[in-house]
1. Restricting to the range 106-149, name every residue that is surrounded by fewer than 18 Cβ atoms within 10 Å (Cβ to Cβ), among the acidic types (D, E) and either touching a His at 6+ places or on another chain (Cβ under 6 Å) or not in a helix (DSSP H, G or I) (or both).
2. Quick test for you: out of T96, T51, T65, pick the one residue that is over 17 Å from the mean Cα position of the chain (by Cα) and either exposed (fewer than 15 other Cβ atoms within 10 Å of the Cβ) or on the phi < 0 side of the Ramachandran plot (or both).
3. Just wondering, is there one or more residues in the range 62-79 that are closer than 22 Å to Y147 by Cα and of a type in the set (S, T, Y)?
4. Using the structure shown, decide if F58 is farther than 25 Å from A27 by Cα and touching a residue at least 24 places away in the same chain (Cβ under 8 Å).
5. Collect the residues in the range 26-56 that are out of contact with any Leu (no Cβ under 8 Å at 6 or more places or on another chain) and within 23 Å of A109 (Cα to Cα), keeping them in residue-number order.
6. Give me a count of the residues in the range 61-82 that are assigned to a strand (DSSP E or B) and either under 15 Å from L28 (Cβ atoms) or free of Cβ contacts under 8 Å to residues at least 40 places away in the same chain (or both).
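The values are calculated or read from the model by the stated rules, or taken from the named source; none is laboratory data. Given the structure is predicted, the values throughout are model-derived calculations rather than measurements. Because the Cβ atoms are built from the backbone with ideal geometry, glycine has one as well, and the counts that use them run over all protein chains shown.
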Amino acid sequence: MPVPVARTTPAGLRIAAEPWDGPDGTALRAAQRAELEARYGADIEPGARPTADDVAVFLLARDGTGRALGCGALRPLGAGRAELKRMYVDPDARGTGVAAALLRALEDAARQRGVHELLLETGVLQPDAMRFYAREGYAPVPPFGPYVDEPTSRCYARTL
């Protein structure tokens, strides 16, 4: 299996693969869940939650002091496709380029694994996420997999 891209960005961010169950990744994913539950009033995630067994790579973005600012994962779907999962940036780091740098690193990791299409799901109460993905070249697509009958889901895809 290819080694994920590790990089330091011009802004001093270090993005590298880390264990799914590491303390910083676990804390970021818990913060994401809490934010989404507050936004939607409940845990409405359709389908199986990602685990260490079904993600190909889990990346963390850290600042120059080593503080974890954001995370994201790739879940293989087969036939050259993968889903972006658990893309999250700490609210204090939003608007600083962390999300875009993390997304580019995830796309590079996907290419290393032979992925030619990335898909993702976000929700109707996340207009900031929908704008971000559209700005980054992701186009709306019909719901796929567990999101097909989910009225709050909005799905996007990008050919790499």
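1. Across the range 106-149, the qualifying residues are E117, E136, D149.
2. T65
3. No - not one qualifying residue is present in the range 62-79.
4. Considered against the rule, which asks whether it is farther than 25 Å from A27 by Cα and touching a residue at least 24 places away in the same chain (Cβ under 8 Å), F58 comes out as no.
5. T26, A27, R29, Q32, A48, R49, P50, T51, A52, D53, D54
6. Residues flagged as assigned to a strand (DSSP E or B) and either under 15 Å from L28 (Cβ atoms) or free of Cβ contacts under 8 Å to residues at least 40 places away in the same chain (or both) within the range 61-82 amount to 13.
For (1) modelled with pLDDT of 95 or more; (2) over 28 Å from H116 (Cα atoms), each residue gets a yes or a no:
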position	(1), (2)
D24	yes, yes
R29	yes, no
R39	no, yes
I44	no, yes
A56	yes, no
D63	yes, yes
G66	yes, yes
A73	yes, no
